[in-house]
Amino acid sequence: MYFRWICAGNYTFSPNTIWTRGTGGAEYALVYLCEALALKGHKIEVFCNCGQEEGFYNMVHYLPLEQADEYNKQSRCDVAVIFRVPIPREWKTGKYVFFSCDQYGAGDWDSYFKFINP
(Lines give C-alpha, C1' and ligand atoms only; values in the text may rest on other atoms or scores of the structure.)
Protein backbone atom coordinates (compact mmCIF):
# COMPACT_ATOMS: atom_id res chain seq x y z
CA MET A 1 0.00 0.00 0.00
CA TYR A 2 0.98 3.60 -0.53
CA PHE A 3 0.77 5.72 2.64
CA ARG A 4 1.04 9.50 2.63
CA TRP A 5 1.51 11.05 6.10
CA ILE A 6 0.68 14.76 6.45
CA CYS A 7 2.23 16.23 9.60
CA ALA A 8 1.14 19.83 10.06
CA GLY A 9 2.53 22.07 12.75
CA ASN A 10 5.64 24.07 13.41
CA TYR A 11 7.67 21.30 15.02
CA THR A 12 10.76 20.53 12.89
CA PHE A 13 11.78 16.87 12.86
CA SER A 14 13.25 14.06 10.81
CA PRO A 15 14.74 10.70 11.82
CA ASN A 16 18.04 12.53 12.40
CA THR A 17 16.56 14.70 15.14
CA ILE A 18 15.98 11.61 17.29
CA TRP A 19 19.75 11.18 17.54
CA THR A 20 20.90 14.82 17.44
CA ARG A 21 18.63 17.16 19.40
CA GLY A 22 15.83 14.84 20.42
CA THR A 23 12.20 14.86 19.42
CA GLY A 24 8.76 14.43 20.90
CA GLY A 25 7.26 11.05 21.67
CA ALA A 26 4.60 11.34 18.96
CA GLU A 27 7.23 12.09 16.31
CA TYR A 28 9.39 9.24 17.61
CA ALA A 29 6.41 6.88 17.26
CA LEU A 30 5.68 8.19 13.76
CA VAL A 31 9.28 7.61 12.59
CA TYR A 32 9.39 4.03 13.83
CA LEU A 33 5.86 3.16 12.71
CA CYS A 34 6.67 4.39 9.19
CA GLU A 35 9.92 2.41 9.14
CA ALA A 36 8.07 -0.74 10.23
CA LEU A 37 5.48 -0.25 7.47
CA ALA A 38 8.26 0.29 4.91
CA LEU A 39 9.96 -2.92 6.01
CA LYS A 40 6.69 -4.71 5.23
CA GLY A 41 6.94 -3.41 1.65
CA HIS A 42 4.68 -0.36 1.84
CA LYS A 43 5.54 2.92 0.10
CA ILE A 44 5.73 5.67 2.72
CA GLU A 45 5.93 9.45 2.25
CA VAL A 46 6.00 11.78 5.25
CA PHE A 47 5.28 15.45 4.63
CA CYS A 48 6.48 17.46 7.61
CA ASN A 49 8.64 20.38 8.64
CA CYS A 50 11.85 18.46 8.00
CA GLY A 51 13.99 21.56 7.54
CA GLN A 52 17.15 20.81 5.56
CA GLU A 53 16.80 17.07 6.16
CA GLU A 54 14.56 16.10 3.25
CA GLY A 55 15.36 12.66 1.89
CA PHE A 56 15.10 8.90 2.34
CA TYR A 57 15.70 7.44 5.78
CA ASN A 58 15.30 3.67 6.22
CA MET A 59 13.10 3.41 3.11
CA VAL A 60 10.81 6.28 4.18
CA HIS A 61 10.73 9.48 2.11
CA TYR A 62 10.61 12.70 4.17
CA LEU A 63 9.51 15.79 2.26
CA PRO A 64 8.70 19.40 3.17
CA LEU A 65 5.08 19.93 4.17
CA GLU A 66 4.80 22.64 1.49
CA GLN A 67 5.16 19.96 -1.21
CA ALA A 68 2.17 17.88 -0.04
CA ASP A 69 -0.36 19.67 -2.28
CA GLU A 70 1.82 19.21 -5.37
CA TYR A 71 2.30 15.49 -4.71
CA ASN A 72 -1.44 15.18 -4.12
CA LYS A 73 -2.12 16.68 -7.56
CA GLN A 74 0.32 14.27 -9.22
CA SER A 75 -0.64 10.96 -7.67
CA ARG A 76 -3.18 9.13 -5.56
CA CYS A 77 -2.24 7.26 -2.39
CA ASP A 78 -4.06 4.35 -0.78
CA VAL A 79 -4.15 5.90 2.69
CA ALA A 80 -3.71 9.53 3.78
CA VAL A 81 -2.76 9.73 7.44
CA ILE A 82 -3.35 13.14 8.97
CA PHE A 83 -0.97 13.41 11.92
CA ARG A 84 -1.68 15.48 15.04
CA VAL A 85 -3.49 18.50 13.58
CA PRO A 86 -6.69 18.15 11.50
CA ILE A 87 -6.35 19.51 7.98
CA PRO A 88 -9.69 20.02 6.17
CA ARG A 89 -8.32 19.36 2.69
CA GLU A 90 -9.26 16.79 0.10
CA TRP A 91 -6.51 14.27 -0.62
CA LYS A 92 -6.48 11.82 -3.53
CA THR A 93 -6.82 8.74 -1.40
CA GLY A 94 -8.85 5.63 -0.82
CA LYS A 95 -8.98 6.10 2.98
CA TYR A 96 -8.33 8.78 5.57
CA VAL A 97 -6.82 8.02 8.96
CA PHE A 98 -6.37 10.55 11.71
CA PHE A 99 -3.48 9.85 14.12
CA SER A 100 -4.28 12.35 16.88
CA CYS A 101 -1.70 11.56 19.58
CA ASP A 102 -2.34 14.30 22.12
CA GLN A 103 -3.53 17.30 20.11
CA TYR A 104 -7.25 17.67 20.70
CA GLY A 105 -6.77 21.38 21.37
CA ALA A 106 -5.04 22.08 18.04
CA GLY A 107 -6.76 22.83 14.77
CA ASP A 108 -10.35 23.29 13.68
CA TRP A 109 -11.94 19.96 14.66
CA ASP A 110 -15.51 20.87 13.73
CA SER A 111 -14.56 21.76 10.15
CA TYR A 112 -12.31 18.72 9.87
CA PHE A 113 -14.94 16.18 10.91
CA LYS A 114 -17.63 17.79 8.75
CA PHE A 115 -15.17 17.55 5.86
CA ILE A 116 -14.37 13.84 6.20
CA ASN A 117 -17.91 12.84 7.25
CA PRO A 118 -20.22 14.99 5.06
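The values are calculated or read from the model by the stated rules, or taken from the named source; none is laboratory data. Predicted, not measured: the structure shown is a model, and the values here were computed from it. For neighbour counting, all protein chains shown are included, and Cβ atoms are generated from backbone atoms with ideal geometry for every residue, glycine included.
The figures follow:
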item: Test: residue in region 8-28 that is touching a helix residue (DSSP H, G or I) at 6+ places or on another chain (Cβ under 7 Å), in contact (Cβ under 8 Å) with a residue 60 or more places away in the chain and crowded, with 16+ Cβ neighbours inside 10 Å; result: yes
item: Flag for LEU63 being modelled with pLDDT of 90 or more, within 16 Å of the chain's Cα centre (by Cα), crowded, with 17+ Cβ neighbours inside 10 Å and within 13 Å of CYS7 (Cβ to Cβ); result: yes
item: Residues satisfying the stated conditions in region 15-34, i.e. of a type outside the set (Gly, Ala, Ser) and either under 18 Å from PRO86 (Cα atoms) or in contact with a Pro (Cβ under 8 Å, 6 or more places away or on another chain) (or both); result: GLU27, LEU30, VAL31
item: Of all residues making up region 55-78, the number that are part of a loop (DSSP other than H, G, I, E, B) and either within 16 Å of TYR32 (Cα to Cα) or touching a Pro at 6+ places or on another chain (Cβ under 6 Å) (or both); result: 2
item: Selection from region 13-28 of residues that are in a helix (DSSP H, G or I) and of a type outside the set (Ser, Thr, Tyr); result: PRO15, ASN16, ILE18, TRP19, GLY25, ALA26, GLU27
item: Candidates VAL31, VAL46, VAL81, filtered to the one that is in contact (Cβ under 8 Å) with a residue 60 or more places away in the chain and either within 15 Å of the chain's Cα centre (by Cα) or not in a strand (DSSP E or B) (or both); result: VAL81
